[in-house]
Amino acid sequence: MAEAMTAALAAGRREMDWVGVFLLGCVTALGGGSVRDVLLGNYPLSWVAHPSYLVVTGGAALGTVFLARVMDHLRQVFLFLDAVGLVVFTVIGCNVAIGLGLPVIVVIAAGMITGCVGGVLRDVLCNEVPLLFRAELYATVSILTGLLYVAGPLAGLPQPLTMAIAMAAGLTLRLLALRFGWSMPKFVYTKDLH
């Protein structure tokens, strides 16, 4: 719901109609899992198996239209919920790939796709450079969360403890990055080849 609501605000900044708000909310909230499932051949897609996901995410996006005036006051809450969503979706994506018996690198990639691609789709549909590519510690947090989640059982840790450690570490890193402005190094090249 938090992902759909932030997408609705992006739709409002682009002056989209209510259908655009609904669709952008659904794409943002469900897009990462959908892309993951298509790439892994995991059918049916989650929102096809559970159509209520469309109602919840689309409803949250449309509800934001009426709450937009107070959303600025909730900015910190949404940043926190976005960070939680990132690590939770990452672990969900890893679990899907683990359930399919895929190699570790694919498990981590599936987690990152689930956690990050919905936001990429939102930004592309809003004609913006995706947050994922703008140096923020976002995909890096997802990869770290996935690595810790996969490494725990290999180190003999029980699955619930591994999940707690991976999610706590990912959430902490994301929140610290937001607080202190940590980012990945940027590649800057200004010379034209022509």
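The values are calculated or read from the model by the stated rules, or taken from the named source; none is laboratory data. Remember, predicted model here, so these are calculated numbers, not experimental data. Methodologically, a virtual Cβ is constructed for each residue, glycine included, from the backbone with ideal geometry; neighbour enumeration extends over all protein chains shown. These accessible areas exclude ligands, DNA and RNA; they are computed on the full protein's heavy atoms, side chains included. Shrake-Rupley method; radii C 1.70, N 1.55, O 1.52, S 1.80 Å.
Annotations
- Flag for Val150 being touching a residue at least 24 places away in the same chain (Cβ under 8 Å) and under 24 Å from Ala177 (Cβ atoms): yes
- With respect to the conditions (1) over 19 Å from the mean Cα position of the chain (by Cα); (2) open to solvent by less than 80 Å² (accessible area, probe 1.4 Å); (3) within 30 Å of Ala164 (Cα to Cα), Tyr43 lacks only one, and its number is (2).
- If you go through region 34-70 and pick out every residue that is under 13 Å from Ala4 (Cβ atoms) and in contact with a helix residue (DSSP H, G or I) (Cβ under 9 Å, 6 or more places away or on another chain), you end up with 14.
- Exactly one residue among Leu161, Leu147, Leu173, Leu178 is in a helix (DSSP H, G or I), among the aliphatic types (A, V, I, L, M), touching a helix residue (DSSP H, G or I) at 6+ places or on another chain (Cβ under 8 Å) and under 30 Å from Glu15 (Cα atoms), and that residue is Leu178.
- Of all residues in region 112-126 being within 25 Å of Gly181 (Cβ to Cβ) and not aliphatic (A, V, I, L, M), the one that is most open to solvent (accessible area, probe 1.4 Å): Arg122
- Flag if Ala139 is in contact (Cβ under 8 Å) with a residue 12 or more places away in the chain, surrounded by 13 or more Cβ atoms within 10 Å (Cβ to Cβ) and within 27 Å of Val27 (Cβ to Cβ): yes
- Restricting region 92-101 to residues that are open to solvent by 60 Å² or more (accessible area, probe 1.4 Å) and of a type in the set (A, V, I, L, M, F, W, C) leaves a set whose member that is nearest to Thr140 (Cα to Cα) is Ile92.
- Looking only at region 11-34, residues that are touching a residue at least 40 places away in the same chain (Cβ under 8 Å), surrounded by fewer than 20 Cβ atoms within 10 Å (Cβ to Cβ) and assigned to a helix (DSSP H, G or I) come to 3 in all.
- The single condition among (1) of a type in the set (A, V, I, L, M); (2) within 21 Å of Ile108 (Cβ to Cβ); (3) free of Cβ contacts under 8 Å to residues at least 60 places away in the same chain that Met167 does not meet is (3).
- The sole residue among Val77, Val56, Val38, Val87 that is in a helix (DSSP H, G or I) and either surrounded by 21 or more Cβ atoms within 10 Å (Cβ to Cβ) or touching a Lys or Arg at 6+ places or on another chain (Cβ under 6 Å) (or both) is Val87.
- Listed by first and then second residue, the pairs with beta-carbon distance under 7 Å, at least 6 apart or on different chains, first residue in region 173-184 and farther than 19 Å from Val84 by Cβ, second modelled with pLDDT under 95 and among the basic types (Lys, Arg), form an empty list.
- Any hit, region 148-161, residues being under 18 Å from Ala2 (Cβ atoms), buried (at least 20 other Cβ atoms within 10 Å of the Cβ) and at pLDDT 95 or above: no
- Residues being under 27 Å from Arg174 (Cβ atoms) and touching a Phe, Trp or Tyr at 6+ places or on another chain (Cβ under 7 Å) are entirely absent from region 72-82.
- Qualifying residue in region 63-71 (condition: under 20 Å from the mean Cα position of the chain (by Cα) and open to solvent by 50 Å² or more (accessible area, probe 1.4 Å)): no
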